[in-house]
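Engineer: For reference, the structure I am asking about is given below.
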Amino acid sequence: MNIDEIIGKLTLEEKASLCSGHDFWHSEAIERLGISSVMMCDGPHGLRKQVGEGDHLGINVSIETVCYPTASALASSFDRSVLERLGHALGKECQAENVAMLLGPGLNMKRSPLCGRNFEYFSEDPYLAGELGAAYISSLQSEGVSACVKHFAANNQETCRMSGSSNMDERTLHETYLPAFEAAVKKGKVRSVMCAYNAVNGTFCSENKQLLTDVLREQWGYDGLVVTDWGAVKDRVKGLEAGLDLEMPGGGGVQDAAIVKAVRDGELDVAVLDKAVRNLLNFLSDWEEQKQDGVSVDRSELSTLSGKLAEECAVLLQNDGILPLNKNSKVVFIGEYAAKPRYQGSGSSHINVSHPVGACETAPEIPYARGFDAHSDIPDEVMLEEAVELAQKAEVVVLFVGQSDAYESEGADRMTMELPTNQNALVEAVASVQPNTVVVLHGGAAVLLPWADKVRAVLQMHLGGERTGEAAVRLLFGKANPSGKLAETWPLRLEDNPSYLNFPGFNGEVEYREGIYIGYRYYDKKKLAVKYPFGHGLSYTEFTYSDLALEKDSITEGEAVTVTCKVRNSGNAAGAEVVQLYIGEANPGVARPVKELKGFEKLFLASGEEKTVSFSLDSRSFAYYEPRIHDWFVESGKYVIEVGSSSRDIRLSGEISMTGSREIPIYYTRTSTIGDLLKSAKGRAFMEQMMQKLHGSEEAKKAETDNLNNMGEGSERMAQTMMAEMPLGAIVTFGRMTDEQLDGLIAMLNS
Ligand code: BGC
């Protein structure tokens with residue numbers, strides 16, 4: 001495709017028409033110039049290709065395909081290779097169905113357990129979401145199909161989803177809500193980005209120049225296509241100016257006419273329109289080159305893959321040793337989800353599956369009682385009685401419970417962290433007659449487990465895709481060993497969650513007042529007890545950590561450092577461990593979390609086997625976002641490197657000194673303090689001279705000691721703090737300098 005030539009030949013009307021979809025899922029074609037239309041489809045944990053009437057709510061049917069574990073499950077694998085295997089599989093399915101763009105992955109942070117779409121999002125941790133997102137994107141795109149990361153940015157709830165504003169300070173936006181997208185661009189090399197419905201700080205994402213141009217294109221170097229979320233356009237012309245290329249779905253030509261009029265009236269420079277057209281043509285031309293004819297996929301193979309991934313994502317939350325189950329014990333299954341598993345969420349990501357596999361189908365010899373109605377909250381006495389009766393006859397009961405479809409879906413936030421009443425009643429009733437009760441959970445986010453102490457094990461299957469029931473059975477009976485870790489903290493109470501006071505906001509204004517303290521960053525800082533910490537997950541074997549080694553004990557900004565340690569499978573079963581590396585600054589000069597995840601590796605180890613794991617830490621691993629320089633900043637100082645099995649199960653720790661290479665520029669005024677002088681090289685040089693003058697002689701030192709002694713105990717710290725807090729203007733007030741001298745000093749400091 002000769003893009004310059006085509007742009008030269010397109011009429012104004014044709015250019016405008018290319019900037020919106022032809023219909024619900026296709027881009028516009030212009031046959032006279034050989035521009036063909038391409039198809040975009042929802043995913044991202046399967047291919048939702050609608051051939052009949054289109055909708056973005058998961059209502060009308062789509063082709064039958066394979067449903068894989070959803071993002072919140074995938075993230076719990078803590079394993080880039082899980083995302084890679086999925087990306088390749090989806091890429092092939094898209095090629096087979098002639099789909100150029102798969103709408104996902106969703107890289108929004110799990111700010112509150114109540115967000116209705118949490119099952120579509122990876123984590124409360126931006127690093128984890130970014131690493132896994134990038135792995136998914138690069139493997140999908142290596143098959144020639146474009147990923148479309150969504151929803152850019154700060155789309156963390158469903159309440160007021162098309163009209164609300166996520167309001168936060170600059171540091172929070174850059175440090176918490178943007179890095180996963182940044183990794184998608186820089187590491188995953190994503191080719192399309194979907195802007196969110198919501199506004200950020202009052203400006204809708206679809207017309208937010210700061211996000212779509214300044215950050216995305218200028219800071220991160222993105223050169224792909226920017227698409228709207230379906231129906232997210234507010235003012236189309238403003239959108240173009242902000243950096244929005246393609247409006248989806250087709251708006252019936254209304255917005256195209258607005259574009260034409262704006263150019264004719266001289267309100268929109270045609271060069272701006274050309275830029276959007278060029279981005280689209282680049283995208284189309286890539287697809288022309290990469291699309292493959294005659295690809296076919298073996299659905300049964302992909303379905304097997306789905307089950308395998310579900311196994312690798314499951315998290316064993318607690319286990320007193322009852323799991324794995326002995327195949328000779330008399331086990332029964334109770335709970336509707338044993339027969340009809342809940343394996344995906346509702347909304348635009350809903351995949352049409354021909355045959356989801358439940359635990360009952362996998363192990364038909366195991367007796368079963370329904371226990372509850374998944375479409376209701378009200379305990380059913382008959383079902384309860386039947387369940388209790390079956391439980392009494394068994395040696396072990398496995399209960400299959402979880403959030404119901406009505407509780408978590410796109411379009412509406414959850415109202416509570418509780419499970420439906422009838423399910424809690426069922427667990428209580430069964431556990432009261434059967435001491436050997438195991439719970440299998442389904443759901444895309446943290447829930448409350450008021451009965452956790454009354455059951456012997458809890459296995460979280462998340463929304464594990466179409467083979468989740470089979471995966472659960474393999475894990476329960478030890479044919480597979482759980483190795484997933486929680487990608488989000490499970491608090492003891494909803495009220496403990498940092499967003500609690502400001503979720504979901506009022507009148508569409510959502511204040512992110514917890515700032516950078518989301519998830520474990522908050523719980524750790526507050527030293528709060530939690531139900532299950534971030535990174536937690538048990539195994540049927542045990543792992544021993546040793547020999548933490550830091551390649552260097554001090555580094556300068558710009559240098560990388562390698563950290564290694566050994567991990568041994570010291571138990572009797574083969575298994576996998578997710579080794580997690582966290583960094584915390586020992587004495588930060590600004591508010592910082594106690595520690596943050598900066599590395600993770602999943603190791604597969606046979607019983608008795610030992611491997612060395614290695615992490616490479618670059619300067620960004622130590623940095624925080626500094627609004628005074630509008631950039632990431634590495635502070636000089638000591639940093640603690642911790643390696644462990646969860647955020648609250650740290651096994652090894654070491655320390656490293658970092659020398660930063662930048663200073664935060666300070667503009668001095670009379671209200672700057674003496675302490676501020678220590679924050680710049682010129683200030684420090686001045687202070688040194690002063691100290692020399694004031695305390696240089698023996699008499700001066702003695703006078704100072706006498707003074708301090710006269711002031712009483714603790715006076716040294718008091719005197720130092722008072723001095724540090726003193727504004728520069730006070731030097732004149734206390735007669736130590738003239739006004740002119742102080743002006744001269746300030747001018748020198750600012751020069
Ligand atoms: C959702 C997107 C989805 C799009 C197309 C929107 O309502 O927010 O995630 O990709 O519809 O179905």
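The values are calculated or read from the model by the stated rules, or taken from the named source; none is laboratory data. It should be emphasised that the depicted structure is a prediction, and the values quoted were computed from it without experimental measurement. FYI the Cβ positions are ideal-geometry reconstructions off the backbone, even for glycines, and counts take in every protein chain you see. Calculation scope for accessible area: heavy atoms of the full protein, side chains included, ligands and nucleic acids excluded. Shrake-Rupley method; radii C 1.70, N 1.55, O 1.52, S 1.80 Å.
Engineer: Using the C-alpha gyration tensor of segment 334-490, what are the square roots of 5 times its eigenvalues, in whole angstrom, with the largest one first?
Structural biologist: Over the Cα atoms of segment 334-490, the semi-axes work out to 22, 18, 16 Å.
Engineer: Work through the residues other than GLU312 whose Cβ is under 10 Å from its Cβ and net out their charges, Lys, Arg +1 and Asp, Glu -1.
Structural biologist: With Lys, Arg at +1 and Asp, Glu at -1, the net is +1.
Engineer: Note the per residue figure in Å³ for the convex hull of the C-alpha positions in segment 411-554.
Structural biologist: 197
Engineer: Mind jotting down a quarter of the surface of the convex hull over the alpha carbons of segment 641-691, in square nanometres, one decimal?
Structural biologist: If I average the Cα hull's projected area over directions, I get 6.3 nm².
Engineer: What is the sum of charges, Lys and Arg at +1 and Asp and Glu at -1, for the other residues whose Cβ falls under 15 Å from the Cβ of GLY515?
Structural biologist: Net charge around GLY515: -2.
Engineer: Hey, another quick one. Using just the alpha carbons, could you tell me how many Å³ per residue the convex hull of segment 521-585 encloses?
Structural biologist: With only Cα atoms used, segment 521-585 gives 129 Å³ per residue.
Engineer: While we're looking at this one, here's another question. Restricting to Cα atoms and excluding each atom paired with itself, what does the Kirkwood estimate give for segment 318-380 in Å?
Structural biologist: One decimal place: 14.1 Å for the Kirkwood radius.
Engineer: Looking at this model, which pairs from LYS531/LYS598; LYS234/LYS531; LYS611/LYS638 are more than 32 angstrom apart at the alpha-carbon?
Structural biologist: Violating the 32 Å Cα-Cα cut-off are LYS234/LYS531.
Engineer: Moving to a separate point now. Please report, to one decimal in angstroms, the Kirkwood hydrodynamic radius of segment 687-751 built from all distinct Cα-Cα pairs.
Structural biologist: With all distinct Cα pairs of segment 687-751 included, I get 13.6 Å.
Engineer: Right, here's the next one. Rounded to the nearest 5, what % of the DSSP beta bridges within the chain are antiparallel ones?
Structural biologist: Of those bridges, close to 55 percent are antiparallel.
Engineer: Calculated from DSSP H runs of 4 or more alone, at -39500 (n - 2.57) each and per residue, what is the 222 nm mean residue ellipticity of the chain, nearest 500?
Structural biologist: Value at 222 nm, helices only, nearest 500: -9000 deg cm²/dmol.
Engineer: With r as the distance between the Cβ atoms of HIS22 and VAL295 and R0 = 22 Å, compute the FRET efficiency 1/(1 + (r/R0)^6) and round to 0.05.
Structural biologist: FRET efficiency, VAL295 to HIS22: 0.40.
Engineer: With the cut-off at 16 Å, report for segment 363-446 the share of all Cα pairs above it, as a whole percent.
Structural biologist: Roughly 53 percent, once rounded to a whole number.
Engineer: Sorted by average packing, counted as other Cβ atoms within 10 angstrom per residue and highest first, what order do 578-587, 461-470 take?
Structural biologist: Packing order, densest peptide first, comes out as 461-470, 578-587.
Engineer: At 1.4 Å probe size, put THR416, THR304, THR437 in order of accessible surface, largest to smallest.
Structural biologist: THR304, THR416, THR437
Engineer: If you don't mind, there's one more thing I want to ask. Per residue, how big is the convex hull around the C-alpha atoms of the chain? Give it to me in cubic angstrom, could you?
Structural biologist: 197
Engineer: Further question: What are the semi-axes of the equivalent ellipsoid of segment 112-196, taken as the square roots of 5 times the eigenvalues of the Cα gyration tensor, listed largest first and rounded to whole Å?
Structural biologist: For segment 112-196, the semi-axes come out at 23, 14, 12 Å.
Engineer: So what are the three principal axis dimensions of segment 1-41 from its Cα atoms, in whole Å, longest to shortest?
Structural biologist: Ordered largest first, segment 1-41 gives principal extents of 30, 20, 14 Å.
Engineer: So, one more: Quick one: what Rg and Dmax do you get for segment 1-124 from the alpha carbons, in Å?
Structural biologist: Rg, Dmax (Cα atoms, Å): 17.8, 52.
Engineer: Here's a follow-up. So in the chain, which Cys have no other cysteine's beta-carbon sitting under 4.7 angstrom from theirs?
Structural biologist: CYS19, CYS41, CYS67, CYS94, CYS115, CYS148, CYS160, CYS313, CYS360, CYS565
Engineer: Follow-up. In square nanometres, what is one fourth of the surface area of the convex hull spanned by the alpha carbons of segment 444-523?
Structural biologist: Its average projected convex-hull area is 7.5 nm².
Engineer: Let me ask something else. Got a sec to turn the phi values of segment 527-540 into Karplus ³J(HN,Hα) couplings, 6.51 cos²θ - 1.76 cosθ + 1.60 with θ = phi - 60°, whole Hz, x for Gly and Pro?
Structural biologist: So the J values, rounded to whole Hz, are 6, 8, 6, 10, 6, 9, x, 4, x, 7, x, 9, 9, 7.
Engineer: Could you compute how much accessible surface ASP269 exposes when probed at 1.4 Å, giving the result in Å² to the nearest 10?
Structural biologist: For ASP269, solvent-accessible area is about 90 Å².
Engineer: Step through the residues of segment 741-751 one at a time and calculate ³J(HN,Hα) from phi using the Karplus curve (6.51 cos²θ - 1.76 cosθ + 1.60, θ = phi - 60°), rounding each to whole Hz and writing x for Gly and Pro.
Structural biologist: Each residue's phi maps through the Karplus curve to give 4, 5, 4, x, 4, 5, 4, 4, 5, 7, 6 Hz.
Engineer: Which of the three applies to segment 469-612, rounded, prolate or oblate, going by the alpha-carbon gyration tensor with a ≥ b ≥ c and a/c under 1.5 meaning rounded?
Structural biologist: Since a/c reaches 1.5 but b/c is at least a/b, the shape of segment 469-612 is classed as oblate.
Engineer: Another question about this same structure. Looking at segment 617-744 from every direction and averaging, what is the projected area of its Cα convex hull in nm²?
Structural biologist: The Cα convex hull of segment 617-744, projected and averaged over all directions, gives 12.1 nm².
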